[in-house]
Amino acid sequence: MAKLIRRNIPSVDRILRSAPGAALAAAHGRGAVLAAVRDDVDRLRASLQDRGDASVERIAARVAAELESAAQASLRPVFNLTGTILHTNLGRALLPREAVEAIGAVAAQAVSLEYNLEAGRRGERDRHLEGLLVGLTGAERATVVNNNAAALLLALNTLALRREVVVSRGELVEIGGEFRLPEIMRRAGCKLVEVGTTNRTHARDYAEAIGPRTALVMKVHPSNYRIVGFAKAVDEKPLAALAHQRGLPLLSDLGSGALLDLRRWGLPRERTAAEAIAAGADLVTFSGDKLLGGPQAGIIAGRAELVARINRNALKRALRLDKLRIAALGAVLRLYADPDRLAARLPALRLMSRPLAEIEQLARRLLPAVSRALAGRAAVTIEGCESEAGSGSLPEERIASAALEIRPGAGVEKLARAWRALPVPVIGRIHDGALVLDLRCLEDDAGFLAQLDRLSA
Ligand SMILES: *Cc1c(COP(=O)(O)O)cnc(C)c1O
């Protein structure tokens, strides 16, 4: 290795005028290339190491790598092999083709977002979704905002500002991240009145807590936990009867928001929005990107007079959906009109109900290639595992699945990092010294296999 001396370093100008320099400028713009070349040359001057590092070709290659990495978006597609189907950190529900096409159709065009084409004047943004939601929930009216947290904030702020909301102690949930029901309630300007105990709440507890300052009775789906044993909660029906007797509305936060009975697809029963409304809930709220399988959104459905008040709240404007998500959610809701084909078309449902035999077959197909790519570094086996719906949906349900278990001699963290460094990062879970890749959510096996050779490199 010949030591680098200053006068061997080419000038910035010479690098830019070279063929590789010109190609870089054409790809990334002259300004960005100039700045990156200057930085590289400065580093060479400061370190003065290997003379080979200072060739025009080597400098251009380093600058190209740096500019390419800087140009890459940080929001990237990944393989979600964590076994959590609706993974909040990985973007929850995958949209069906119909929704992706609907986004594409409106993205680069002017659209009739708030324009009534028949009358030739201003129209309503909610009109695109309200009819679909009313049809699917049996509510009188419906509206949609940014997510379910926003739906709750808006509903609580509209119906109970500076007044009391009665909630069972067994339902004061923390969903993860920053979502805690008592905090949302405070931010909405409401006073939380807790009733009952952690494990047992009776109708009489609500009855005793309702007073002149009460504005609302609220029920919350305990999404990510369950109180078992000596437990009691009050269902919507008696709770609605009690609230109505005292002249109050009942708000039910359903969390995941199933629109159809999931038992049809071999999944556990989950109360649907239509059932909650039929049982007497005056308003329900739920997420668009959990069991419903659509884009991030929060749906509010219920009595016409209450939805009208919500729509008049100035906060609604700050929380509303844009045209892209309206297009996507509309496309997803339209798929529900044909339940027979829903599992084939809606990825969230398709992945949750994917047969174990199909996943095991996939595992057997992938095993030889993965073993080969990691030969001498890790042992790869097929193991049974359990997937979960995720995002607090169907919290007790474990869905039998199959995984590739990759057990290195040592350094499972390093192994996991190598999988994450692939062009389409592979995210698994680490369990007991092994990297576990749950194959339930792997549908693009060709794409998965195509990048394995980089793992051996
Ligand atoms: C998930 C969940 C929320 C929050 O919904 P986002 O759409 O994530 O804002 C609120 N309440 C319950 C019961 C939930 O399960």
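The values are calculated or read from the model by the stated rules, or taken from the named source; none is laboratory data. Here the structure is a predicted model, which is why all the values come from computation and not from measurement. Every residue, glycine among them, receives a Cβ derived from its backbone with ideal geometry; neighbour counts consider all protein chains shown.
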* Structure fact -> Per the filter on segment 271-310, residues on the phi > 0 side of the Ramachandran plot and surrounded by fewer than 22 Cβ atoms within 10 Å (Cβ to Cβ) are 280
* To do: Could you grab me the full set of residues in segment 406-457 that are surrounded by 13 or more Cβ atoms within 10 Å (Cβ to Cβ) and of a type in the set (Asp, Glu)?
  => 438, 443, 445
* Which residues, taken from segment 314-330, are part of a loop (DSSP other than H, G, I, E, B) and buried (at least 17 other Cβ atoms within 10 Å of the Cβ)? -> 321
* **strands (runs of 3 or more DSSP E) lying entirely in segment 175-272 (those with 1 or more residues that are away from the ligand (no atom under 15 Å from the Cβ), of a type in the set (Asp, Glu) and without any contact (Cβ under 8 Å) to a residue 40 or more places away in the chain)** => 191-195
* Can you find even one residue in segment 331-346 that is in the same structural domain as residue 111 (by TED's automatic domain parsing), touching a strand residue (DSSP E or B) at 6+ places or on another chain (Cβ under 9 Å) and surrounded by 14 or more Cβ atoms within 10 Å (Cβ to Cβ)? -> no
* Inspect all residues belonging to segment 278-299 and state whether any of them is over 21 Å from residue 181 (Cα atoms), assigned to a helix (DSSP H, G or I), more than 13 Å from the ligand (Cβ to nearest atom) and free of Cβ contacts under 8 Å to residues at least 60 places away in the same chain. => no
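Looking at segment 363-401 only, could you name the residues that are assigned to a loop (DSSP other than H, G, I, E, B), in contact with a Ser or Thr (Cβ under 9 Å, 6 or more places away or on another chain) and within 25 Å of residue 455 (Cα to Cα)?
374, 375, 377 - these are the residues of segment 363-401 that are assigned to a loop (DSSP other than H, G, I, E, B), in contact with a Ser or Thr (Cβ under 9 Å, 6 or more places away or on another chain) and within 25 Å of residue 455 (Cα to Cα).
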* Asked: Picking from 157, 147, which residue would you name as being assigned by TED's automatic domain parsing to the domain that holds residue 332, polar (S, T, N, Q) and either closer than 30 Å to residue 103 by Cα or surrounded by fewer than 19 Cβ atoms within 10 Å (Cβ to Cβ) (or both)?
  -> 147
* To do: Pull up segment 300-314, narrow it to residues that are closer than 17 Å to residue 125 by Cβ and among the aliphatic types (A, V, I, L, M), then point me to the one that is farthest from the ligand (Cβ to nearest atom).
  => 308
* Could you look through segment 412-445, keep only residues that are of a type in the set (Asp, Glu) and on the phi < 0 side of the Ramachandran plot, and pick out the one that is farthest from the chain's Cα centre (by Cα)? => 413
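So, in segment 150-167, how many residues would count as being under 28 Å from the mean Cα position of the chain (by Cα) and more than 11 Å from the ligand (Cβ to nearest atom)? It would help to see each step written out before you state the result.
Initial filter on segment 150-167 (under 28 Å from the mean Cα position of the chain (by Cα)): 150-158, 167.
Within this subset, residues satisfying the condition of being more than 11 Å from the ligand (Cβ to nearest atom) are 154-158, 167.
Summing the residues that are under 28 Å from the mean Cα position of the chain (by Cα) and more than 11 Å from the ligand (Cβ to nearest atom) in segment 150-167 gives 6.
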* Is there a residue being outside the structural domain of residue 394 (by TED's automatic domain parsing), more than 26 Å from residue 295 (Cα to Cα) and touching a Pro at 6+ places or on another chain (Cβ under 7 Å) anywhere in segment 60-79? -> yes
* Among the residues listed as 238, 249, 268, the single one being in contact with a helix residue (DSSP H, G or I) (Cβ under 8 Å, 6 or more places away or on another chain), surrounded by 21 or more Cβ atoms within 10 Å (Cβ to Cβ) and of a type outside the set (Ser, Thr, Tyr) -> 249
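So, in segment 305-320, how many residues would count as being under 19 Å from residue 241 (Cα atoms) and touching a residue at least 12 places away in the same chain (Cβ under 8 Å)? If you could, list the steps in order and put the result at the bottom.
Step one: list which residues in segment 305-320 are under 19 Å from residue 241 (Cα atoms), which gives 305-306.
Retained after the next criterion (residues that are touching a residue at least 12 places away in the same chain (Cβ under 8 Å)): 306.
Final tally of qualifying residues: 1.
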* Is there a residue in segment 429-440 that is over 27 Å from residue 75 (Cβ atoms) and assigned to a loop (DSSP other than H, G, I, E, B)? -> yes
* Structure fact -> Here the qualifying pairs (Cβ atoms under 6 Å; residues six or more apart or on different chains; first in segment 136-149 and closer than 23 Å to residue 173 by Cβ and touching a residue at least 60 places away in the same chain (Cβ under 8 Å); second among the polar types (S, T, N, Q) and assigned to a loop (DSSP other than H, G, I, E, B)) come out as 147/296
* Asked: So which residues in segment 392-448 are among the basic types (Lys, Arg) and within 27 Å of residue 287 (Cβ to Cβ), if there are any at all?
  -> 398, 429, 440
* segment 427-444 residues that are closer than 14 Å to residue 361 by Cα, paired with ones that are basic (Lys, Arg) (beta carbon under 7 Å, 6 or more apart) -> 440/354
* Which of the residues that make up segment 169-191 are modelled with pLDDT of 95 or more and surrounded by 14 or more Cβ atoms within 10 Å (Cβ to Cβ)? -> 188, 190, 191
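Quick one: count up the residues across segment 48-97 that are outside any loop (DSSP other than H, G, I, E, B) and of a type in the set (A, V, I, L, M). Write out each step before concluding.
Let us first name the residues in segment 48-97 that are outside any loop (DSSP other than H, G, I, E, B), namely 50-54, 56-71, 79-80, 84, 88-90, 97.
Pick out the ones that are also of a type in the set (A, V, I, L, M) and you get 54, 56, 59-61, 63-65, 67, 70-71, 90.
Total meeting the criteria: 12.
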* Asked: Does residue 348 fit the bill of being within 16 Å of the ligand (Cβ to nearest atom), in a helix (DSSP H, G or I), out of contact with any helix residue (DSSP H, G or I) (no Cβ under 8 Å at 6 or more places or on another chain) and among the hydrophobic types (A, V, I, L, M, F, W, C)?
  -> yes
